[in-house]
1. State the number of residues belonging to segment 46-61 that are assigned to a loop (DSSP other than H, G, I, E, B) and over 10 Å from Gly25 (Cα atoms).
2. Which of the residues spanning segment 138-169 are farther than 20 Å from Gly227 by Cα and assigned to a strand (DSSP E or B)?
3. Looking at the structure I just gave you, is Val149 of a type in the set (A, V, I, L, M) and either at positive phi or within 26 Å of the chain's Cα centre (by Cα) (or both)?
4. Run down Asp29, Asp37 and say which single residue is open to solvent by 30 Å² or more (accessible area, probe 1.4 Å) and modelled with pLDDT of 90 or more.
5. With respect to Arg9, is the statement that it is among the charged types (D, E, K, R), out of contact with any helix residue (DSSP H, G or I) (no Cβ under 9 Å at 6 or more places or on another chain) and modelled with pLDDT of 85 or more true?
6. Considering only segment 58-72, state which residues are open to solvent by 20 Å² or more (accessible area, probe 1.4 Å) and over 20 Å from Val33 (Cα atoms).
7. Has segment 215-229 got at least one residue that is basic (Lys, Arg) and farther than 20 Å from Phe271 by Cα?
8. So which residues in segment 84-101 are open to solvent by 50 Å² or more (accessible area, probe 1.4 Å) and touching a helix residue (DSSP H, G or I) at 6+ places or on another chain (Cβ under 6 Å)?
Amino acid sequence: MILLQSHSRYLLEILSNRVQNVEKGVELDCNWVEFGDIRYHIQASIKSPHLLLLSVSLPTPPPETVFFGGLPLGAIEAVKAAYGPVIQILDPPRDGFNLTVKLNLTKLPPDEGLVKTKTSLLVKIASLREVVMGAPLRVMLKHLASRTVAPDMDGLVALVHRPTESFFLVPQAEKVTVVFPMRFKDSIDTVLATSFLQEFVEARRTAGLVNAPPCSWSPSPPLELKGAAVEVLFANAGFVSFGIVNNSICKSAAALFGVAGVLARKTTVCFTVKCSEGFMHTRMRRRVESLIQALDRAKPDKEKAKKTGQSRSFKRLSLKEARSGLKS
């Protein structure tokens with residue numbers, strides 16, 4: 001199973017080093033961009049080494065995605081609920097960013113006996129992107145537990161996934177349907193992804209996975225996307241749909257995969273396709289090498305044949321000598 005981490009490893013490294021060396025009071029100013037066009041900026045001054053300003057820029061949302069104040073629906077409430085007094089949201093955010101927060105390191109748990117708690121909190125802070133982008137899905141799952149639908153999410157909801165790419169959520173009282181349009185630029189990736197997704201759906205029908213959440217693949221848009229814009233219904237690798245239903249089994253599955261698992265579903269497919277392509281290339285190279293070795297073994301050894309020919313001698317026998325040799 002492929003497990004892609006949802007937190008920013010570089011941000012976690014910066015936070016861990018800062019916590020360990022906060023007494024040194026070193027000035028900090030870092031900018032970087034991560035996969036999916038997520039841009040970060042973190043800053044700290046010498047005067048207040050325990051205060052960090054963290055800014056996050058989300059991917060450019062497609063037209064079908066609705067942002068409120070530059071953020072997905074429920075993002076502010078999700079940040080406050082996830083981090084409490086450790087993080088303070090600044091309004092307005094830094095220019096060019098969707099969200100800016102102030103991180104107070106003095107609010108972190110003390111070191112005595114709570115090292116795991118502090119580490120888990122730093123990992124959670126490094127997962128700020130997942131908290132913000134997955135806020136609408138969290139609201140839907142919260143209402144799903146009570147078998148209701150959020151009043152602001154009673155229709156098709158689009159969430160940004162990558163620049164100009166989105167996936168869709170269809171909330172209902174009994175389940176939440178997630179639909180991913182699968183688009184690939186390379187033709188080989190398209191073929192591999194289509195084959196993988198078809199096998200993925202077939203594996204769902206095996207005896208050991210009968211209680212797994214429902215999953216389907218189709219080359220045409222599913223009925224859940226009825227009413228969506230025409231330009232978002234193009235997917236050269238088809239559409240993947242799976243449902244999160246309100247029962248104990250799927251609750252444990254949702255706890256296992258979480259919102260981060262849903263957000264990373266397209267990334268997981270892309271990762272699998274690239275790994276499959278690399279594996280096929282490796283097998284092809286090994287096969288070609290084995291064929292070349294077989295051809296090399298089949299070639300005659302010219303030097304050996306020459307030596308063998310030179311070591312032999314022939315003598316022409318007369319008719320009388322030949323007859324005498326036969327009689328003897």
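The values are calculated or read from the model by the stated rules, or taken from the named source; none is laboratory data. Computed from a predicted model, the values in this text were never measured in an experiment. Ideal geometry is used to build each Cβ from the backbone, glycine not excepted, and the neighbour counts take in all protein chains shown. SASA here: full protein model, heavy atoms, side chains in, ligands and nucleic acids out. Shrake-Rupley method; radii C 1.70, N 1.55, O 1.52, S 1.80 Å.
1. Quick first cut of segment 46-61, residues assigned to a loop (DSSP other than H, G, I, E, B) only: 46-50, 58-61.
Checking which are over 10 Å from Gly25 (Cα atoms) leaves us with 58-61.
Residues flagged as assigned to a loop (DSSP other than H, G, I, E, B) and over 10 Å from Gly25 (Cα atoms) within segment 46-61 amount to 4.
2. His161, Arg162
3. Values: of a type in the set (A, V, I, L, M): yes; either at positive phi or within 26 Å of the chain's Cα centre (by Cα) (or both): no.
No, not satisfied.
4. One residue alone meets the criteria, Asp29.
5. Working: among the charged types (D, E, K, R): yes; out of contact with any helix residue (DSSP H, G or I) (no Cβ under 9 Å at 6 or more places or on another chain): no; modelled with pLDDT of 85 or more: yes.
No.
6. Taking segment 58-72 first, the residues open to solvent by 20 Å² or more (accessible area, probe 1.4 Å) are 60-61, 63-64, 66-70.
Correct list: Pro63, Glu64, Val66, Phe67, Phe68, Gly69.
7. Here is the first cut: in segment 215-229, the residues basic (Lys, Arg) are 226.
From what's left, farther than 20 Å from Phe271 by Cα: 226.
Yes, segment 215-229 contains a residue that is basic (Lys, Arg) and farther than 20 Å from Phe271 by Cα.
8. Within segment 84-101, Pro85 is the sole residue that qualifies.
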